[in-house]
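Each remark here refers to the structure printed beneath this line.
The values are calculated or read from the model by the stated rules, or taken from the named source; none is laboratory data. Since this is a predicted model, take the numbers as computed values, not measurements. Methodologically, a virtual Cβ is constructed for each residue, glycine included, from the backbone with ideal geometry; neighbour enumeration extends over all protein chains shown. These area figures cover heavy atoms from the full protein model, side chains too; ligands, DNA and RNA do not enter into them. Shrake-Rupley method; radii C 1.70, N 1.55, O 1.52, S 1.80 Å.
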Amino acid sequence: MTPRLIRLTVNGRAYTRSVEPRTTLVDFLRDDLDLTGTHVGCEHGVCGACTVLLDGQPVRSCLLFAIQLDGAVVTTVEGLADGERLHPIQEAFREHHGLQCGFCTPGLLLTAKAFLEEHPAPSDGEIREAIAGNLCRCTGYHFIVDAIRAAAGGVRR
Amino acid sequence: MGAKYFGAAVRRREDPRFLRGEGRYLDDVKVAGLLHAAFLRAPYAHAAIRAIRTERARSAPGVVAVFTFADLETWMKPLPLFGAPPPGLAAAIAFEIRQAPQFALCRDRARYVGEIVAMVVADSRARAEDAAEAIEVDWEPLPVATDMRQAAEAGAPLVHEAWGTNVGVAFTHAIGNVEAAFAGADVVMSETFHIQRYVGMPLESRGAVAVWDRRDGALTTWNSTQVSHFVQQGLASALGLPHHKVRVIAPDLGGGFGTKASGYPEDHLVPIAAIVLGRPVKWVEDRREHMMSAAHARHQIHAISLAARRDGTILGLRDRIWLDLGAYNVWGIVLPYNTVAHLIGPHRIRNMRVDVQAVTTHKTPNAPYRGAGRPETVFAMDRAVDRLARELKIDPAEIRRRNYIRADELPYDFGMPYRDGNPLVYDSGDFPAALEAALKAADYDEFRRGQAALRARGVYRGIGISGYVEGTAIGPFEGATVKVDLGGRVLVATGAVNSGQGHETSFAQVCADALGVPLEHVTVVGGDTAGVPFGVGTFASRSGVTAGNSIADACHQVRAKLVKAAAALLEAAPGDVDIEDGQAFVRGVPASAVPLARVVQASIPTFAKPGVASPDFEATAYHHVPTVTFASAVHVAQVEVDVGTGHVTLLRYVVAHDCGKVINPLIVDGQVHGGVAQGVGGALYEEMVYDEQGQLLTGSLMDYLVPTAMELPPLETVHLEFPSPRNPLGMKGLGEGGAISPPAAIANAIEDALQPFGVDITATPVSPARLLALIRETA
Ligand code: FES
Ligand code: FES
């Protein structure tokens, strides 16, 4: 199929690219923009590893086509830290050992960011519910919940 | 040389790159001119290939090549097989073993759904996948064997005709006098337990990238493997290349759990394509491929009997064990014998007889997954002990008190070999102490006191116990090279691959202490065959102990060299020189301190003079462990069962464990948590389901249920520390333990919750539908 031109903003930077209609957003981010921090775990919308923020809301980038994103504003894990300074959620994950292999981590960080912006003082139950769409095979979630709870204090509203 | 870092909860050094999305996993490896491979996989569990037509695929857009077995015949060597019994074991037990090698591509028949029939290489992954669909195969479906017990019977359809049977491993093993034990017993409890097929399911699937350098005649391949040196050996022999011309690099791994410790057809096919085409080739497995072709695991049946006195003392144990190998017997005695060596666990049982059959079926091959036979065998044993307790009206905690081996009985000799052929002797630990610690942490007595009142209100809560003793850190060794560079900084290279366990932190802690340098001065590289000549890899809870001790040994050698050079530089006796915090100094003379960089630089010859010593600040060590060390734990689960829906809620989960000396307590907790989560999946949710035709019904994560944060409770851990006398660092293995006991502990808790119904849990996963059916049967 003929490629189409799209314009979008990723992590504050504007891109214009021509994409094949069948290219998913995650492949576009990883292959065309070389932003490999967004991971592919299942390509069928279950694992949440590919989560990015689309206009501030978490979405599964394996379930979207890049051409749907014309004009959109996207945040990936690469857009979280402020230069050398890690985002408070990233700091909290490190402090509380909220990651092991790190493969689920980008998706969880973005899910947590969107969640904490709307729930500044969540209960553990709310945290667990918020991240129920992100599979982690390494941690058993305990330290992830600790990290998100700790981050709740330090997240910019 | 104090322990400044060893034992400290150091924050992980690999985390910043993972948190920033700057890890480099297999799919992140990019090379100029990359081609992409896709595979056509068998749609039948057992079928003969009558013809393959590839013309359409070959002429599809972007396609560079299509390979079938016939196209690559000269390259097709049998894939590696493992699991011959080591001498000490072969001498003690008569194993019947049949192994048939798999070829990377099906030659003339497929033996499981997902076996590779053809490889397409194209300029993009999408086009390679399109073309794979255009390959036409004339299949002749053949009869299938899918049930392990039926497959073991005469007359079953055969997976490997030349064997004349489907039994891949068979043996009988006995200790003590089991006949006398059963004859003298007051009570005999018998039950058959089924452990389903469930799998590691790392969040990152498998993959490989291969680059062939024509100039050097050398292959570099990145492979998401836990065992780069094994992959290197397999490739060197299959490709007829010297080992030093095959470099295997394990990049960051998105989990492994054993699934990535097996050998796979793609390990060979991707490099072969790169060599034949002279172009770099990449393949990344998709989740559906992963589910049907990455190794499956578990899947056993135990027909177990316990003979006991009326007071609950267990006198003897009989178990008939079946294990479903899937289509190839890749791992020989590893899983069946692991199962046997861990059956007795913490119990004082001197009389045992086991009859084991590992059986091939037309399903995906079975390989070790976190625990490797232990979760299965512990499920059978701890369920049987609970059943015995129920029959004798003894509390499940009390029957364990009466049967657990006491600390003063250690070292405890079973009078049989471990899987490595060495005597099975528990080295250290205190199983009753772990039991009491777990019960106390879980408020066992209080729970019991409240249980009846809750039941009266229609709230069904139960508590379940499971304990294990686990042979960890199987040898024979791991390789580690330690070098100090011109700037006084240290590189540690080891064959142990980091798949999320934090090696870059924990191994740096070991090195920094042993060498006397700041942690920040150490870089750890794992799983690059160019870094250390010989290595084994990460599996079997072995890396901390085997690589840790090799790193310490190598550091001690390098330290001695540094001390000698520093002594020459400082004009002191070597015995007076010490190294701390990256500085060499004469003891008691702080002003004499010089940075290690100075010591190294002063050792380099100049035009004017030779160096103060040879600038050889490097050592490689292969620490040999005499045999495994025994880690142990007791798990206690509290559950609530909704008798209207069959839904099980985990209320609390407590682990009291001993893994010897701990390098980093934060990492240890994380490993326990992750293991428990996988065990919970096995207990309640996860199952690879096949139909009678050998079709896989669970092909996505919508069908195969990995636990989410909603299914898991907070996890409570109690640490007991009994150093192992079997290695200088006093460590024991840790990685697998968490996954061993949850199925047994949770099933025991469910049965306990449902005492009023008299429900018998004999199989996992205990899904709501299954549990509801059981409740209805008894109601
Ligand atoms: S990769 Fe998108 S949800 Fe799994
Ligand atoms: S840290 Fe490995 S999947 Fe979450």
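Per-structure values
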{"item": "Packing-based order for B:341-350, B:740-749, using average beta carbon neighbours within 10 Å, highest first", "result": "B:740-749, B:341-350"}
{"item": "Extended-chain gain in nm, criterion 0.36 nm per residue less alpha-carbon gap, B:ARG348 and B:HIS244", "result": "32.5 nm"}
{"item": "Unit Cα scatterers, Debye sum, the stretch B:156-232: log10 I(q)/I(0) for q = 0.11, 0.27 Å⁻¹", "result": "-0.77, -1.24"}
{"item": "Debye log10 I(q)/I(0) at q = 0.07, 0.08, 0.09 Å⁻¹ for the protein assembly as shown, Cα point scatterers", "result": "-0.58, -0.77, -0.98"}
{"item": "Spacing of the two label points (7 Å from each Cα toward its C-beta) at B:HIS647 and B:GLU161, in nm", "result": "5.3"}
{"item": "Chain B - percent relative contact order, Cα under 8 Å, separation 6 or more", "result": "16"}
{"item": "For the protein assembly as shown, with +1 on Lys and Arg beta carbons and -1 on Asp and Glu, the positive-most of B:LEU596, B:THR523, B:ALA567 along the dipole", "result": "B:ALA567"}
{"item": "Estimated D of the stretch B:383-442 in µm² per second, where Rh is the Kirkwood radius over Cα pairs and Stokes-Einstein applies at 10 °C, 1.306 mPa s", "result": "120"}
{"item": "Approximate spin-label separation B:ASP445-B:ASP760, in nm, with each point projected 7 Å along Cα-to-Cβ", "result": "3.4"}
{"item": "Theoretical ellipticity at 222 nm over chain A - DSSP helices of four or more residues, -39500 (n - 2.57) apiece, nearest 500", "result": "-8000 deg cm²/dmol"}
{"item": "Per-q log10 I(q)/I(0), the stretch A:4-79, q = 0.14, 0.19 Å⁻¹ (Debye; single scatterer per alpha-carbon; no solvent)", "result": "-0.35, -0.68"}
{"item": "Residue-by-residue Karplus 3J(HN,Hα) for the stretch B:49-64, coefficients 6.51, -1.76, 1.60, Hz, glycine and proline x", "result": "8, 8, 7, 10, 10, 10, 4, 4, 5, 4, 9, 6, x, x, 7, 9"}
{"item": "Additional length obtainable on full extension of the chain from B:ARG17 to B:ALA573, 0.36 nm per residue less Cα span", "result": "195.8 nm"}
{"item": "Point-charge dipole on Cβ atoms (K/R +1, D/E -1) for chain B, about Cα centre, debye to 20", "result": "660"}
{"item": "Chain B, accessible area per residue, ligands and nucleic acids excluded (1.4 Å, Å²)", "result": "33"}
{"item": "Burial ranking of peptide ranges B:544-554, B:363-373, B:178-188 (average Cβ count within 10 Å, highest at the top)", "result": "B:544-554, B:363-373, B:178-188"}
{"item": "Cα centroid separation, the stretch B:534-584 to the stretch B:246-317 (Å)", "result": "35"}
{"item": "Average partner coverage of B:671-678, which counts Cβ from other chains inside 10 Å", "result": "5"}
{"item": "Summed side-chain charge close to B:ALA341 - residues other than B:ALA341 whose Cβ falls under 13 Å, Lys, Arg +1, Asp, Glu -1", "result": "-2"}
{"item": "The stretch A:88-151: equivalent-ellipsoid semi-axes (sqrt of 5 x gyration tensor eigenvalues, Cα, Å)", "result": "16, 12, 11"}
{"item": "Cβ-defined net charge surrounding B:GLY234, 10 Å radius [Lys, Arg +1; Asp, Glu -1]", "result": "0"}
{"item": "Buried accessible area, chains B and A (both chains, 1.4 Å probe, Å² to nearest 100)", "result": "4300"}
{"item": "Net charge of Cβ neighbours under 12 Å - reference B:THR221; Lys, Arg +1; Asp, Glu -1", "result": "-1"}
{"item": "Space enclosed by the convex hull of the alpha-carbon atoms of chain B, per residue, Å³", "result": "173"}
{"item": "Theoretical FRET efficiency, 1/(1+(r/R0)^6), r = Cβ-Cβ of B:LEU697 and B:HIS194, R0 25 Å, to 0.05", "result": "0.90"}
{"item": "For B:701-709, mean number of other protein chain Cβ atoms within 10 Å", "result": "6"}
{"item": "Cross-link partners of B:LYS77 among lysines (Cα-Cα below 30 Å; sequence separation of 8 or more within a chain)", "result": "B:LYS30, B:LYS245, B:LYS260, B:LYS282, B:LYS363"}
{"item": "Euclidean distance of C-alpha centroids, the stretch B:411-468 and the stretch B:671-702, integer Å", "result": "25"}
{"item": "Over chain B: helical MRE at 222 nm, DSSP H runs n ≥ 4 each giving -39500 (n - 2.57), nearest 500", "result": "-8000 deg cm²/dmol"}
{"item": "Chain A: relative contact order in percent, alpha carbon pairs under 8 Å with at least 6 residues between", "result": "24"}
{"item": "Cross-link reach list, aspartates and glutamates versus A:LYS113, counting only Cα pairs under 16 Å and skipping chain neighbours closer than eight places", "result": "A:ASP55, A:GLU78, A:ASP82, A:GLU91, A:ASP124, A:GLU126, A:GLU129, A:ASP146"}
{"item": "Lysines whose Cα lies under 26 Å from that of B:LYS440, excluding same-chain neighbours fewer than 8 positions away", "result": "B:LYS393, B:LYS661, B:LYS732"}
{"item": "Positive-end residue, chain A charge dipole about Cα centroid, Cβ charges, pick of A:ALA132, A:THR75, A:ILE148", "result": "A:THR75"}
{"item": "Cα centroid separation - the stretch B:169-234 against the stretch B:723-759, whole Å", "result": "19"}
{"item": "The stretch B:263-374 - charge dipole about Cα centre, Lys and Arg +1 at Cβ, Asp and Glu -1, debye rounded to 20", "result": "560"}
{"item": "Largest to smallest accessible area among B:VAL589, B:VAL137 [probe 1.4 Å]", "result": "B:VAL589, B:VAL137"}
{"item": "Ordering of B:404-411, B:303-310, B:375-382 by burial proxy (mean other Cβ atoms within 10 Å per residue, highest first)", "result": "B:375-382, B:303-310, B:404-411"}
{"item": "Number of partner chain Cβ atoms within 10 Å, mean per residue of B:711-718", "result": "3"}
{"item": "Cα-centred dipole magnitude for the stretch A:4-79, charges only on beta-carbon of K, R (+1) and D, E (-1), debye, nearest 20", "result": "140"}
{"item": "Relative contact order (%) - the stretch B:491-567, alpha-carbon pairs under 8 angstrom, separation at least six", "result": "41"}
{"item": "Top positive-direction residue, dipole computed over chain A with Cβ charges, set A:LEU29, A:GLY107, A:ILE6", "result": "A:ILE6"}
{"item": "Rg/Rg_ref, the stretch B:68-137, where Rg_ref = 2.2 N^0.38 Å and atoms are Cα", "result": "1.63"}
